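Read-outs throughout are calculated quantities, based only on the coordinates presented, and are distinct from any laboratory measurement. As the structure is a prediction and not an experimental result, all values here were calculated from the model. For neighbour counting, all protein chains shown are included, and Cβ atoms are generated from backbone atoms with ideal geometry for every residue, glycine included.
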């Protein structure tokens, strides 16, 4: 099973592999391939999945595409058939199934990119397929990078919730860290982060996990805090960030309207919390 999210990867156990790994690994070919279209990725993601499905399908294998009606199966079929697929359509419960053998594999599709400045260096960043802020570095991340670039040099930095990697990459390019470890729950974002790190010549170790404590302690941890998760998840997440701050320093950005809430989380774990305010966001600076 190829997983798009950390939760799917956890459910699959040893039978699962993250999308970011599947896109690069030489996996065993299968006698049949099933593609369940993920939501919020857009039609631009279909050619990427088609490339991967063709790579995973063994000789004579059929590929079945499953889509809900609101995902536009007719548009998916038109896109695939324009690329050489010959598909039969039927129903599979509430889903539409499109089935057929893959055509000869085309070159791997390239994601959209945008130009950005990281650590005083101009780079091109791949950012596509439903990731957060795909056209520019968002204001919170930009503020956090600016603050973190003033930190004394360390051997490694941890970037929790890296997305497509601008913080981790920027801190290595800017000389703050020699290398980076980075986490995210989105395997597609991790695939883009790997491409961006490789293009910039930056060593980044990527892990698909929702747990900030899943990677080893580092002298500096940076995090654009996910404020959309529920109260219980937030409590666990902030406790894990606080654990990292007790063994180093934490720089975490939140919207200014949420500053008091997340400051309380960190202070409840015995941390001292400073602040670096921006126009609409605040970087919380936590340590012992």
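Side notes on the structure shown:
- GNM result for the chain, Cα springs below 10 Å: residue of 236, 249, 156 fluctuating most strongly: 236
- In the chain, the longest principal axis of the Cα atoms and the axis of helix 139-148 are about 50 degrees apart.
- For region 170-220, a/c is not less than 1.5, where a ≥ b ≥ c are the root eigenvalues of the C-alpha gyration tensor, and a/b does not top b/c. That puts it in the oblate class.
- Shape call, region 89-140: gyration tensor on alpha carbons, a/c limit 1.5: oblate
- For residue 28 and residue 11, the difference between the fully extended length at 0.36 nm per residue and the C-alpha to C-alpha distance is 4.0 nm.
- Whether region 1-59 is rounded, prolate or oblate, judged on the alpha carbon gyration tensor where a/c under 1.5 counts as rounded: oblate
- Note on the chain: GNM, Cα springs under 10 Å; of 250, 192, 56, the largest mean-square fluctuation is that of 56.
- Label separation (residue 136 vs residue 68): 3.2 nm, computed from points 7 Å beyond Cα along the C-beta direction.
- Across all directions, the average projected area of the convex hull around the alpha carbons of region 227-267 is 2.8 nm².
- Separation in nanometres of the label points that stand 7 Å from Cα toward Cβ, at residue 59 and residue 121: 4.5 nm
- Axis of helix 46-56 versus longest Cα principal axis of the chain: the two differ by about 70°, to the nearest ten degrees.
- Descending Cα extents along the principal axes, region 2-100, whole Å: 34, 29, 25
- Contact order relative to length of the chain, as percent, for alpha carbon pairs under 8 angstrom and 6 or more apart: 14 percent
- Stokes-Einstein D (µm²/s) once Rh is taken as the Kirkwood radius of region 113-287 over alpha-carbon pairs, at 4 °C in 1.567 mPa s: 82 µm²/s
- Applying 1/(1 + (r/R0)^6) with R0 = 25 Å to the Cβ-Cβ distance of residue 280 and residue 217 gives a FRET efficiency near 0.20.
- Residue order for 186, 90, 230, 128, fewest other beta carbons within 10 angstrom first, comes to 230, 90, 128, 186.
- Fluctuation leader among 167, 52, 206 - the chain, Gaussian network, Cα springs under 10 angstrom: 52
- Rounded tilt (10° steps) of 187-200 against the dominant C-alpha axis of the chain: 70 degrees
- Among 66, 164, the ranking by other beta carbons within 10 Å of each residue's beta carbon, starting with the fewest, stands as 66, 164.
- Among beta bridges identified by DSSP and lying wholly in the chain, the antiparallel ones come to about 50 percent.
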